[in-house]
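The values are calculated or read from the model by the stated rules, or taken from the named source; none is laboratory data. Note that this is a predicted model, so its numbers are computed, not measured. As a convention, Cβ positions derive from the backbone with ideal geometry for all residues, glycine included, and neighbour counts pool all protein chains shown.
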Amino acid sequence: MADILGYARVSTDGQNLDRQIDALTKAGVGRKHLYCEKMTGTKADRAELNRLINDLETGDT
């Protein structure tokens, strides 16, 4: 079955993920398919984004 996955990221510890998480949840992303991290945008290696990409299956959004 296809799933809806979501990724939320902020650049600093002073920023908050809540608004992104709320928007993704309203768009149909379930908690087990929500990937979040606090990391600067200049870093190419983003662990949670890589985990999301690896978890994608045919038909997922």
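Of all residues in the stretch 33-47, which are within 21 Å of residue 60 (Cα to Cα) and part of a loop (DSSP other than H, G, I, E, B)?
46
Being assigned to a loop (DSSP other than H, G, I, E, B) and under 11 Å from the mean Cα position of the chain (by Cα) is the filter here; which residues of the stretch 7-21 pass it?
17
For the stretch 40-61, enumerate the residues that are surrounded by 10 or more Cβ atoms within 10 Å (Cβ to Cβ), over 10 Å from residue 6 (Cβ atoms) and either under 12 Å from the mean Cα position of the chain (by Cα) or modelled with pLDDT of 95 or more (or both).
Once the filter is applied, which keeps residues that are surrounded by 10 or more Cβ atoms within 10 Å (Cβ to Cβ), over 10 Å from residue 6 (Cβ atoms) and either under 12 Å from the mean Cα position of the chain (by Cα) or modelled with pLDDT of 95 or more (or both), the stretch 40-61 yields 46, 47, 48, 49, 50, 51, 53, 55, 56, 60.
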